[in-house]
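Peer 1: First the structure, then my questions, so here it is.
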Amino acid sequence: MLIYKIFRADEWARLQSEGASDGAPIDVTDGFVHFSTAEQAAETAAKHFAGAEGLTLLACAADTMGDALKWEVSRGGALFPHLYRQIRVTDVIWSRPLPFDGQRHQFPEEMV
């Protein structure tokens, strides 16, 4: 199963250049890297990245993250994937731009 991480341009660039990252500031504060499922990603974008441009969507394989990936209750009582280690560039299966059309972020077709 693929899980998804939304990164700002500088966060994605840092992951690519350093090979691993503690994630976005909220990830560092919370002590884990926040991910979303395909069904949760649009709401995550709307809630935490409203109006933001220059975002990148990363797809990662949940089954390769081992015991460091925990499914925990979060927004609305739903289970969200949380990674209790750095995200590694080798975790990323693919990345796509996440453009904002003035109303919402446009997710790639392969997520639909």
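Peer 1: Using the Karplus curve 6.51 cos²θ - 1.76 cosθ + 1.60 with θ = phi - 60°, work out ³J(HN,Hα) for each residue of segment 75-81 in order, rounded to whole Hz, and write x for Gly and Pro.
Peer 2: Values, residue by residue: 3, x, x, 7, 7, 10, x Hz.
Peer 1: Rank these for me by crowding, SER17, SER74, SER95, going from fewest to most other beta carbons within 10 Å. Could you put the intermediate results ahead of the total?
Peer 2: Numbers: SER17 9, SER74 15, SER95 18.
The most exposed by this proxy come first: SER17, SER74, SER95.
Peer 1: For the residues TRP12, TRP71, TRP94, what sequence is obtained by ranking on other C-beta atoms within 10 Å, fewest first? Kindly include the intermediate steps, with their values, before the conclusion.
Peer 2: Values: TRP12 21, TRP71 14, TRP94 11.
Fewest to most other Cβ atoms nearby, the residues stand as TRP94, TRP71, TRP12.
Peer 1: I would also like to ask the following. Counting only other residues whose beta carbon sits under 14 Å from that of GLN106, what net charge do I get with K and R as +1, D and E as -1?
Peer 2: Numbers: positive: ARG96, ARG104; negative: GLU53, ASP101, GLU109, GLU110.
Residues close to GLN106 contribute a combined charge of -2.
Peer 1: Let me ask something else about it. From the phi angles alone, apply the Karplus equation (6.51, -1.76, 1.60; θ = phi - 60°) to segment 102-107 and give each ³J(HN,Hα) in whole Hz, x where the residue is Gly or Pro.
Peer 2: Listing the rounded values in order: x, 10, 7, 7, 9, 7 Hz.
Peer 1: Right, something else. Which ³J(HN,Hα) values in Hz, rounded to whole numbers, follow from the phi angles of segment 46-62 under the Karplus curve 6.51 cos²θ - 1.76 cosθ + 1.60, where θ = phi - 60° and Gly and Pro get x?
Peer 2: My calculation for segment 46-62 gives 5, 7, 9, 9, 3, x, 6, 10, x, 8, 10, 9, 10, 10, 10, 8, 4 Hz in order.
Peer 1: Would you work out the charge dipole size for the chain about its Cα centre, treating the Cβ of every Lys and Arg as +1 and the Cβ of every Asp and Glu as -1, and quote it to the nearest 20 debye? If you can, show how the numbers build up before the last one.
Peer 2: Details: 10 positive and 16 negative charges, 19 e Å.
That gives the chain a dipole magnitude of about 100 debye.
Peer 1: Take the Cβ-Cβ distance between ARG75 and SER17 as r, set R0 to 30 Å, and report the resulting FRET efficiency rounded to the nearest 0.05.
Peer 2: Values: r = 31 Å, r/R0 = 1.04.
In this case the efficiency is close to 0.45.
Read-outs: derived from the displayed coordinates by stated rules, not from any lab. Because the structure is predicted, anything quoted here is derived from the model rather than measured. As a convention, Cβ positions derive from the backbone with ideal geometry for all residues, glycine included, and neighbour counts pool all protein chains shown.
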